[in-house]
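*Asks:* Dropping the structure in here first, questions after.
The values are calculated or read from the model by the stated rules, or taken from the named source; none is laboratory data. Only a predicted model underlies this, so the values are computations on that prediction, with no experimental measurement involved. Please note: Cβ atoms are built from the backbone with ideal geometry, for glycine as well, and neighbour counts cover all protein chains shown.
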Amino acid sequence: MTLSDSGEARVRGYLYVLERSLRSSLPPAVVADAVREVESHIRERVAEMDPLPDERAALERVLAALGTPTRVARGYSLELSVEEALTTGRLTATLRAIWLMATKTAAGFLAALVLFTGYVTGGAFVLLAAMQPFMPDRIGLIVVDGVPHGFGMRDAAPGVEIVSGWWVLPLCLVLGLTALVLTQKGARTWLRWIRTRIRTKESP
Amino acid sequence: MSLDVWNEQLRRGALEFAILLTLAPAARYGLEIIRHLESFTDLVITEGTIYPLLARLTRDGALRAEWSAAESPHPRKYYTLTSCGRRRLDEMTTHWQEFSAKIDRLVDASGGGR
């Protein structure tokens, strides 16, 4: 059968939501292929359905059997993003997969928070190491009124002493790179666990 | 664990095996796979979630996917078992037969589960 204009608009709307949901996390070629396949499924089902007495109800049954577009998209995006991060090992792919997981569950959000803290801490130490030769007097152990208050960069002020020296650069570099490597390893271990969970939870 | 959860886990665990079995005799497209599964099992509850699973099996190298516009007014994506997929299916079939035989023996030994 051929759909009426309103039926056609309903199908287009479904595919639009699917495409938008997939586009946030997947490469354009994968999105286009997935949308094309789901459209083929809908067209096939529509061709065999009986439009009488109510085309709209018949079409809604087809779309309900398929599942909501966001649910279909979730099946693609979560696993593909995790897979890409694990296969390529790229930091951007890893961060994208972590971000996606953080938006899905509370446990994912907490894990992502821990991992982002690790990345930021590592990045901050590496940045301090890079800046240390240019401002050696401002980067080091910050002591306020004789009490250590932390490690980092601060302007000199009354009562504030910056304990610094040649050792700051290698120390920052080692701490930063260690934090980055450990966080990346932790992220990959976590994503491998997530991949196993996703595969055992696929629920058609 | 409730019976529903247990059933759900069985269904999830068997689905990948069922898809490979469906594709063993010939290439099929998505809806054809769903129809075949529906005619033998109740493994497919939401049709749309079969497609991510087919995409994953293709990515893993168990299936090969190819678009064809020859047989219908709209293009269909056909899936075929690769040699890797066929090996995987053989291994899964062996494991499944051994596993089900053991459980059957256990059920028989317990007096048919009653």
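*Asks:* Condition first: in contact with an Asp or Glu (Cβ under 6 Å, 6 or more places away or on another chain), at the interface with chain A (Cβ under 7 Å from one of its Cβ atoms) and aliphatic (A, V, I, L, M). Can you find one or more residues in segment B:55-71 that meet it?
*Replies:* No: zero hits.
*Asks:* Just checking, does segment B:37-48 include any residue being over 14 Å from the mean Cα position of the chain (by Cα) and away from chain A (no Cβ under 11 Å)? Reasoning before the result, please.
*Replies:* Our first condition is that a residue be over 14 Å from the mean Cα position of the chain (by Cα); within segment B:37-48, this holds for B:46, B:48.
Those still in the list that are away from chain A (no Cβ under 11 Å) too: none.
No - not one qualifying residue is present in segment B:37-48.
*Asks:* Here's something else I'd like to know. Do the conditions hold for A:Gly89, that is, is it more than 11 Å from every other protein chain (Cβ to nearest Cβ), surrounded by fewer than 19 Cβ atoms within 10 Å (Cβ to Cβ) and at positive phi? Give the steps one after another, and end with the answer.
*Replies:* Working: more than 11 Å from every other protein chain (Cβ to nearest Cβ): yes; surrounded by fewer than 19 Cβ atoms within 10 Å (Cβ to Cβ): yes; at positive phi: yes.
Against the criterion (more than 11 Å from every other protein chain (Cβ to nearest Cβ), surrounded by fewer than 19 Cβ atoms within 10 Å (Cβ to Cβ) and at positive phi), A:Gly89 qualifies.
*Asks:* For segment B:72-107, how many residues are within 14 Å of another protein chain (Cβ to nearest Cβ) and among the small types (Gly, Ala, Ser)?
*Replies:* The qualifying residues number 1.
*Asks:* Considering only residues that are under 25 Å from the mean Cα position of the chain (by Cα) and buried (at least 17 other Cβ atoms within 10 Å of the Cβ), which ones fall in segment A:142-193? Show your work before the answer.
*Replies:* Filtering segment A:142-193 down to residues under 25 Å from the mean Cα position of the chain (by Cα) leaves A:176-193.
Answer for segment A:142-193, where residues must be under 25 Å from the mean Cα position of the chain (by Cα) and buried (at least 17 other Cβ atoms within 10 Å of the Cβ): A:Gly176, A:Ala179, A:Leu180, A:Thr183, A:Gln184, A:Ala187, A:Trp190, A:Leu191.
*Asks:* Give just the number: which of (1) touching a residue at least 60 places away in the same chain (Cβ under 8 Å); (2) surrounded by 14 or more Cβ atoms within 10 Å (Cβ to Cβ) does A:Leu128 not satisfy?
*Replies:* (1)
*Asks:* Name the residues in segment A:2-52 that are at pLDDT below 90, of a type in the set (A, V, I, L, M) and under 18 Å from B:His74 (Cβ atoms), would you?
*Replies:* Listed by number, the residues that qualify are A:Leu3, A:Val46, A:Ala47, A:Met49.
*Asks:* Also, I was wondering about something else. Of these, B:Thr46, B:Thr80, B:Thr41, which one is free of Cβ contacts under 8 Å to residues at least 40 places away in the same chain, of a type outside the set (A, V, I, L, M) and more than 22 Å from A:Pro69 (Cβ to Cβ)? If you could, list the steps in order and put the result at the bottom.
*Replies:* Numbers: B:Thr46 fails: more than 22 Å from A:Pro69 (Cβ to Cβ); B:Thr80 fails: free of Cβ contacts under 8 Å to residues at least 40 places away in the same chain.
Answer to the selection: B:Thr41.
*Asks:* With the requirement that a residue be within 23 Å of A:Gly123 (Cα to Cα), touching a Lys or Arg at 6+ places or on another chain (Cβ under 7 Å) and aliphatic (A, V, I, L, M), what does segment A:143-174 give you?
*Replies:* A:Met153, A:Ile162, listed by residue number.
*Asks:* While we're here: What tally of residues in segment B:1-36 results from selecting those that are of a type in the set (S, T, N, Q), in a helix (DSSP H, G or I) and either at the interface with chain A (Cβ under 8 Å from one of its Cβ atoms) or out of contact with any helix residue (DSSP H, G or I) (no Cβ under 7 Å at 6 or more places or on another chain) (or both)?
*Replies:* Taking segment B:1-36 and keeping what is of a type in the set (S, T, N, Q), we get B:2, B:7, B:9, B:22.
Pick out the ones that are also in a helix (DSSP H, G or I) and you get B:7, B:9, B:22.
Next, from what is left, pick out any that are either at the interface with chain A (Cβ under 8 Å from one of its Cβ atoms) or out of contact with any helix residue (DSSP H, G or I) (no Cβ under 7 Å at 6 or more places or on another chain) (or both): B:7, B:9.
The total comes to 2.
*Asks:* Something else about it: From the list A:Ala93, A:Ala187, A:Ala112, A:Ala102, which one is of a type in the set (A, V, I, L, M) and at pLDDT below 85? Reasoning before the result, please.
*Replies:* Details: A:Ala187 fails: at pLDDT below 85; A:Ala112 fails: at pLDDT below 85; A:Ala102 fails: at pLDDT below 85.
It is A:Ala93.
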